[in-house]
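A.B. asks: I am attaching a structure below and will ask some questions about it afterwards.
The values are calculated or read from the model by the stated rules, or taken from the named source; none is laboratory data. Worth saying up front: this structure is predicted, and the values here are computed from it rather than measured. All Cβ positions, glycine included, derive from the backbone under ideal geometry; neighbour counts span all protein chains shown. Accessible surface is based on the protein model in full, side chains and every heavy atom, while ligands, DNA and RNA are left aside. Shrake-Rupley method; radii C 1.70, N 1.55, O 1.52, S 1.80 Å.
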Amino acid sequence: MSNFLPVPAKRALPLPSFSQHLLNYISNHFRDAHPEAFRKDVEALVAMRKEWVEAKAEGHPEIVRGLMRYHAQLAFLSTKFPSDISLQFTYHLPFPPTYSLSPDAPVSLASITFERASVLFNIAALYASMAAAERRAEAEGIKRALIYLTSAAGVLEYLIKNILPTLQSELSSPHAAGYDMSESFLGTIKEFVLGEAQECYWQQAVLQGTYKNGLIGKLSMKVSEYYKAAFTSMNGTDYPSSSFFPANWIAHITVKQCHFEAAAQYRLSQEDLEKSRYGEEIARLRVAEGLAKKGLEAGKKGVADSVISDLKNLQSAIKSSLERAVRDNDLVYVCPIPPANQLPPISGVGMVKVSIPTEVTDPIAWLMGGGAGMPALFSALVPYGVHLALSIYDDRKDTLVRELDGKREELDGVAASTLQSLNLPGSIQALERPVGLPPSLLKKAEEVDSAGGVDRIKSLLHEVARLSKANAQSLNEAMDILDQEATENETLLSRQPELQQSRPPSHIANQPLIATAQQYDATIKQASASDGTVRQKWEEWGQLIDLLAGGEDSINDYVPSTSSSQNGYPSLPPSVRPIRASLEDLDDRIAHRARLVNEARNISAADDIRPAVLTEATRLAHGGTGDVKTEWFEDLFGRSLEKYDRIREEMEAEGSKQDALLEQIRGQNESFISERKEDPIVKERERRLQDMDLAYWKWREIVDNAEEGIKFYNSFADMLNQFKGTCTQFLNSRRVDIGQITQQFHNVSFEDRPPTHSQLPTPPPQSIPQSPLRRAASPPKTFSLSHPSSGQWQSSSDFLPPPPPPPILRSGGIQTQPRAAPPPPGDSTPRRVTRASAAAASRGPIGDAEKNPYSKGTRRGGGGVV
């Protein structure tokens, strides 16, 4: 029986939808590719997974090679597809959790990186298992075992340094991939196989019989140091994995560490004997005797007989040598025996060199070079890097157009607010056209009517309200998931109190998620306040906007007529003509800016750099790995965006031109005011014409506000859906340790078992705004998630996603004084309530310790279920 331990592999669950899912993804995301053209590639990849991954893993070189071929295809696939293609890859953990109700509870992640990491772990596990199966009684067997073990360590090192950081960056929770995808666990397995590899060198030196005791002792000490390093990694402060290893593994590593440290002391005692250091010889033998005894004590917990037998043989040799040394020293040498802490330390000599197979370090080059014996699948598919580069360029285009439009809105707002403060153009329109309506006002009325008028605003505001309600519901559903986890955890801890010392309670484990939820809720409340401002503006100006959209007849009924004779003016004041010309110039400037934005939009719509990106990618990636980097295209992006430079320069110049024109209008208006005579009828006509002009600008503001709100809510909905996924991952990761059906607890006994779960580190908080989270009390006999007091809410403006845009005020630094909005109806209720609104209204926020029946204190005090 071998005295090496095989490393268990991760068992993969079948993916019956793998083939169809890949074809559907190609159909939906690759516009230049037909899925049927890649059906053979898909079928080949699916067949490889069934043959090498889903089948039972056995330690054989051909199976290892098959896994390497599959991993190389996955690596090449990652250059064509994003890691998350919405397909769940599911693997069982190598060691089932001790207290799990479902020992085979798997971990599922929608990540090709997770699939790669799992395959690499299995390659390393098969290497270690093949080494354990080797018969090491002769040199050839030792040599093969050594090759397998150094390759296993190399694969694990590559996994830790190259794949694991990428995988963790994709996870919303750092440990959603399972305890086996942590640096602590993988580092433990790596140090373990390095210890076995060093043991092969030690065994080879012993078998040859030509090496001195001092050198063999140093080789032995290095073996012990590797096993000690395994314990160090196992108990790492980041995410300790010691509780996930079975008791026989812990005992095995302990026995091996003690065995080889004792063997090192024994060999150094023999060297002391050769050099007549009789006191040091006895001291080392006594240390070795104590280590052997400690190892045999640990070996009672399921360690293989071959390992115990080796240690007993060593103990016997130590005992006989110690008896002889003590007798000789007492009768002949009478040398002083130094204490153990004064013995010179033994420095281990490492012979192991980690060997990472080329098939793992550079899988795409190995595949493209024909080393895998098969072509690279999906080679005709456009690389994912190209799609990413195109999306980056499209985002830059959209940002540029948005900036141009924002500049236009800013300048239009300055113009509108300045004219409003000067009571223009109503004051001159009342004199120019004592009867009828000014053409500029009719033009604005036609624009409002053709764009949908009042109905458009109503539909936009209705959509804003619908999306706001949907976002609040998404947040509620995420909190329901956390409630469910807290209930399951409370049920477990109430039945098994001894787990409280090793399993963190929900209010500790979910703190970052609760903080995230509070900040998301603050964003929703902030958006609600913005929506209320827009709705208030609509309630204030809706009647006038309705009149404006009603056409010429309705405006005529609202604006009174007068005559020149009544006004006492035989003719218009001389100052009217220049101010009218200036106003027409201002209208031309506004229209020109609108044309610039439309021109930029038209250029953007026709701006397709896909052929140029493909050509550049082909040129730069020729003969390489097939992986396309987005930074390759920065020069191309810069050249392509030059076509917008003229528009940007013209828009920038508009600011100074408009400032000069507005200053001219202010001077002309002062001359006009000094020349005109006041008349009540004229003043009333002037006021109402100004109302119609202002109603036009308010209509534009409300439409812009509502459209921005819809864009915000749609993007925020994606963030909330990701947060729900994070909460689901958190729930699943907690279930790995307690099983998936808490009702089975009354049939399970955990007596006399040590707790297994070390404290689970929590994921870092996500970036979202801050605010209290109103929650309704949970139904009776369940546990809901309490929240910290308002004093604990984080102020994290630097962390926030884009906040809802404030309502656009076309003031340009000259704040207008709008009329006060009518008071809201007495029966109005808040638009946003998280959790069931009725329950929240009747029971109060869950953060209120007096109203929440499950809250026993603030989170800062550690009370409550959470």
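A.B. asks: So if I check each of THR150, THR113, which one is in contact (Cβ under 8 Å) with a residue 60 or more places away in the chain and among the β-branched types (Val, Ile, Thr)?
C.D. replies: Numbers: THR113 fails: in contact (Cβ under 8 Å) with a residue 60 or more places away in the chain.
The conditions single out THR150.
A.B. asks: What's the total number of residues in region 475-515 that are open to solvent by 20 Å² or more (accessible area, probe 1.4 Å) and closer than 25 Å to PHE716 by Cα?
C.D. replies: 5
A.B. asks: If you don't mind, another one. Output the qualifying pairs, or none if there are none: Cβ atoms under 8 angstrom, residues six or more apart or on different chains, first residue in region 20-32 and free of Cβ contacts under 8 Å to residues at least 24 places away in the same chain, second residue surrounded by 14 or more Cβ atoms within 10 Å (Cβ to Cβ).
C.D. replies: Going by the 8 Å Cβ cut-off, the qualifying pairs are LEU23/PRO35; LEU23/PHE38; LEU23/ARG39; LEU23/VAL42; ASN24/PRO35; SER27/PRO35.
A.B. asks: Turning to a different aspect of this structure: Failed condition for VAL303, given (1) crowded, with 21+ Cβ neighbours inside 10 Å; (2) touching an Asp or Glu at 6+ places or on another chain (Cβ under 8 Å), with all others met?
C.D. replies: For VAL303, the failing item is (2).
A.B. asks: Whether any residue in region 8-22 is among the small types (Gly, Ala, Ser), in contact with a strand residue (DSSP E or B) (Cβ under 9 Å, 6 or more places away or on another chain), over 29 Å from ALA365 (Cα atoms) and crowded, with 16+ Cβ neighbours inside 10 Å is what I want to check.
C.D. replies: No - not one qualifying residue is present in region 8-22.
A.B. asks: Sticking with this structure for a sec: Would you call ARG116 assigned to a loop (DSSP other than H, G, I, E, B) and open to solvent by 30 Å² or more (accessible area, probe 1.4 Å)?
C.D. replies: No, not satisfied.
A.B. asks: Another one. Going through ALA72, ALA33 one at a time, which residue ends up being small (Gly, Ala, Ser) and within 15 Å of PHE121 (Cα to Cα)?
C.D. replies: ALA72
A.B. asks: Limited to region 25-60, what total is found for residues that are open to solvent by less than 70 Å² (accessible area, probe 1.4 Å) and assigned to a helix (DSSP H, G or I)?
C.D. replies: So the answer is 15.
A.B. asks: For region 604-629, name all the residues that are among the β-branched types (Val, Ile, Thr), modelled with pLDDT of 75 or more and surrounded by 15 or more Cβ atoms within 10 Å (Cβ to Cβ).
C.D. replies: Filtering region 604-629 for residues among the β-branched types (Val, Ile, Thr) gives 609, 613, 615, 618, 625, 628.
Now narrow it down to the ones that are modelled with pLDDT of 75 or more: 609, 613, 615.
Listed by number, the residues that qualify are ILE609, VAL613.
A.B. asks: Within the set of pairs 6 or more residues apart or between chains, which connect a residue that is over 16 Å from ALA591 (Cα atoms) inside region 644-661 to a residue that is at pLDDT 90 or above and among the polar types (S, T, N, Q) with Cβ atoms less than 9 Å apart?
C.D. replies: Sorted first by the residue in region 644-661, then by its partner, the pairs are TYR644/SER604.
A.B. asks: Only one of TYR226, TYR211, TYR158, TYR201 is open to solvent by 20 Å² or more (accessible area, probe 1.4 Å), among the aromatic types (Phe, Trp, Tyr) and under 27 Å from the mean Cα position of the chain (by Cα). Can you tell me which?
C.D. replies: Answer to the check: TYR158.
A.B. asks: So, LEU388, is that one open to solvent by 50 Å² or more (accessible area, probe 1.4 Å), of a type in the set (A, V, I, L, M) and either assigned to a helix (DSSP H, G or I) or under 30 Å from ASP645 (Cα atoms) (or both) or not?
C.D. replies: The answer is yes for LEU388.
A.B. asks: A further question follows. What number of residues within region 174-201 are in contact (Cβ under 8 Å) with a residue 60 or more places away in the chain and among the β-branched types (Val, Ile, Thr)?
C.D. replies: Result for region 174-201: 2.
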